[in-house]
Protein chains: 2
Amino acid sequence: MNINQIAKLAGVSPATVSRYLNNGYLSEEKRQAIAKVIDETGYIPSTQAQTLRTKKTKIIGVIIPKIDSDSISQVVAGIGEVLNEKGYKMLLANTDNHDEKEIEFINTFKQNIVDGIILLGTTLTPKHKKVLKDLTIPYVVLGQQTDISTCIFHDDYTAAYELTDYIINKGHKNIGYIGVTEKDIAVGVNRRKGFLDALEKHNIKLPAKLIKTGSFYMDNGYENAKALLSQNKNIDAILCATDTIALGAIKYLNENKIKIPGDIAVAGFGESKSSSILSPSLTTVHFYYRDCGIEGATFLLDKIAKPDIPDKAMKLGFEIIKNQSV
Amino acid sequence: MNINQIAKLAGVSPATVSRYLNNGYLSEEKRQAIAKVIDETGYIPSTQAQTLRTKKTKIIGVIIPKIDSDSISQVVAGIGEVLNEKGYKMLLANTDNHDEKEIEFINTFKQNIVDGIILLGTTLTPKHKKVLKDLTIPYVVLGQQTDISTCIFHDDYTAAYELTDYIINKGHKNIGYIGVTEKDIAVGVNRRKGFLDALEKHNIKLPAKLIKTGSFYMDNGYENAKALLSQNKNIDAILCATDTIALGAIKYLNENKIKIPGDIAVAGFGESKSSSILSPSLTTVHFYYRDCGIEGATFLLDKIAKPDIPDKAMKLGFEIIKNQSV
DNA sequence: TTGTATGCGTTATCAG
DNA sequence: CTGATAACGCATACAA
């Protein structure tokens, strides 16, 4: 079933049917005739052919580092909400934390199959930037600050600074830190810097063995909590770069009957769903993930509609969630 | 940049370039000439035009009820793994638990834009079945049993039966149940039936006010735990249809200083990430979510390649995770 | 082994 | 307001 057959059945030209489908610049009479035929036949226009002509797919590519993460799924939910509402679809690509795959996906996407790209960034290597700059379709970066395009990110530095300040004011001085790779500027660098600067403000010197780095997964927290405790007998708090990592640390502490926060205080970032259910509940930072997705998608669609609107960098706020673990 | 220009630059016909791109039925000489031009120009064939000709998009539509769920994101991760490997892309549609939206998405998808559909089912109404049956492209249903197509699902009934049996054998007799809508056969009906049958085996009669129903979200657990406790003074255990619901119940119990499992035992389904970190850790059921996604995607791609392979129904196993909350 | 010609289903242009 | 016609970029039957 195609537009020609519909035209024939309705006694009009294909062009008129096309008008009916789009602008709708035709007489009431023909409109009804066409409507009737389409209703009877259940005709659906070919998206491919439309795309071939219009160069618009109404599909947005979304690249994420992993799917089973509380924070990321919230961002994706926010994106999906906007896209849905505006009649766009979402092509989801999961890199499983392999950053070369991001480049691969961007290259796949630019093969005319998406109208725009949303990159939920972890690392932005020079190679990434090169590929992105060569992109002719609009894109936004979420979660990382960058000057190459519009980005919407969180105030990781201040969040870490204030959270650390809070922990210190609660009487903790020997604070261990479990972070992630510095290739991730937002989570790896900024959160750690906020932590260190807050310590400095309080004139606390940190021995190197109180700082650990690992993956984004729970076992990082588990293993490095173990390492921190065995290497630092005076340690009285652990700050983890993400809630997931904090969960791993808590698991280790629980298994070894170490009391939280009595023996060791623990805090994380991201306000994962379980943070409020744990006992003691986890002190953490609320970021506006859903809003991040909504803002990003909204801007991207705007940009697609009006390519000349200027790029922007948008920093979102945060909220310290003061729970029982500190 | 299109195939004609490449052909001109390489001094061959467009058809030859097309052959180079596909079967590759040409002389070494021309092959190299074309390769050189493509390399220099960075030419990428138009997916749309290819699709318009071949009717293949290499895109699979995946419809899910919500994204921010441990279990669903695992299934999606499994699907993504397979699709990636086979050069397919994933169009993700999130219904936010509105089942009419599923139908909407199926209708959108069948507009020639996907080669197949994976439906992560919650409810399969007659309307759903009608729309699915009309579908001309292959599809599979995950998480629900159905006879209209290939489905891969979990043994919810036996899991609930054995888990309940375990709870009873641990000395609990006044067990409350917090479930979900019966429109969801797998989670709403089968888990509850397994629960009730296990009680019956032990000759335990259950007053109606020990059974509650609500949403898939934490507040269902929270509110209904409150209701159960206020209405049943002898209650000594609560079985929840999902871990998320159990987390809500635990939150209520914690807030009211009710000891788990001393005063009330709690169990759930799905082995959410936090289940092992909670203290006490949550007794739950491990389902093979990732495998479900992998199996589903693999079968779907097989079906696309060979449309005449027969449909099948595949029931996956489970494992009771005996933790401290019971 | 290669090239020519045609059509996939739609939209845009332009004349009527 | 409407219709004929020409693209969009590619793959394939067929001829060479």
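Numbers at a glance
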read-out	value
Most fluctuating residue given options A:262, A:194, A:248, as computed from a GNM of chain A linking Cα atoms under 10 Å	A:262
Alpha-carbon centroids, segment B:89-125 and segment A:47-69: separation in whole Å	16
Fraction in percent of alpha-carbon pairs per bin - 5 Å, segment B:1-138	2, 9, 16, 15, 13, 11, 9, 8, 8, 6, 3, 1
Under-5 Å amide H pairs with residue A:316, H placed in peptide plane, nonlocal only	A:153, A:154, A:155
Label geometry 7 Å along the beta-carbon vector: residue A:56 inter-copy distances in nm	3.0
Radius 14 Å from Cβ of residue A:82, net charge of other residues (Lys, Arg +1; Asp, Glu -1)	-2
Chain A: angle of helix A:218-231 to the longest principal axis, Cα-based, in degrees nearest 10	20
Cα-based convex hull, chain B, per residue volume (Å³, whole number)	153
Inter-part distance where segment A:254-281 and segment A:152-220 are each reduced to a Cα centre, Å	17
Inter-copy separations for residue A:31, label at 7 Å along Cα-Cβ, nm, ascending	5.9
Residue of A:24, A:214, A:293 that the Gaussian network model of chain A assigns the largest fluctuation, springs spanning Cα pairs under 10 Å	A:24
Segment A:156-286: C-alpha gyration tensor shape, a/c 1.5 cut-off, then a/b vs b/c	rounded
The protein assembly as shown - charge dipole about Cα centre, Lys and Arg +1 at Cβ, Asp and Glu -1, debye rounded to 20	640
Share, in percent, of DSSP beta bridges within segment B:173-326 that are antiparallel, nearest 5	25
When each of A:89/B:58; B:66/B:205; A:127/B:55 is checked by Cα-Cα distance, pairs over 25 Å	B:66/B:205; A:127/B:55
Calculated label separations, residue A:127, copies of the chain, 7 Å along the beta-carbon direction, nm	4.9
Within 10 Å of each Cβ in A:49-57, the average number of Cβ atoms from other chains	3
Inter-chain Cβ neighbour average for residues B:61-74, partner chain, 10 Å	4
Cα pair distances of segment A:121-229 binned at 5 Å [whole percent]	2, 11, 18, 19, 17, 12, 9, 6, 3, 1, 0
Per-residue ³J(HN,Hα) for segment A:196-212, Karplus 6.51 cos²θ - 1.76 cosθ + 1.60, θ = phi - 60°, Hz, x for Gly and Pro	5, 5, 5, 4, 4, 4, 8, 6, 9, 9, 10, x, 4, 6, 8, 10, 10
Cβ-based exposure ranking for A:192, A:53, in which fewest neighbours within 10 Å come first	A:53, A:192
Inter-label distance, nm, simple model (7 Å from Cα along the C-beta direction), residue B:86/residue A:125	3.0
Rounded to 5, the percent of DSSP beta bridges in the protein assembly as shown classed as antiparallel	15
Simple label model, 7 Å out from Cα along Cβ direction - residue B:316 to residue A:286, nm	3.4
Shape of the protein assembly as shown, Cα gyration tensor, a/c cut at 1.5	oblate
Environment charge of residue B:7, counting only residues whose C-beta is closer than 12 Å and scoring Lys/Arg +1, Asp/Glu -1	+3
Per-residue Cβ neighbour rank within 10 angstrom, fewest leading, B:325, A:279	A:279, B:325
For residue A:253, net neighbour charge (Lys/Arg +1, Asp/Glu -1) across residues whose Cβ lies under 9 Å away	+1
Most fluctuating residue given options A:190, A:22, A:84, as computed from a GNM of chain A linking Cα atoms under 10 Å	A:22
Chain A residue with Cβ closest to the axis mapping A onto B, distance in whole Å	A:274, 2
Fewest-first ranking of B:110, A:36, using other Cβ atoms within 10 Å as the exposure measure	A:36, B:110
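Only the coordinates and a few stated rules stand behind these numbers; no lab work does. Everything numeric here is computed off the predicted structure, so don't read it as measured data. Cβ sites come from the backbone with ideal geometry, for glycine too, and all protein chains shown count toward neighbours.
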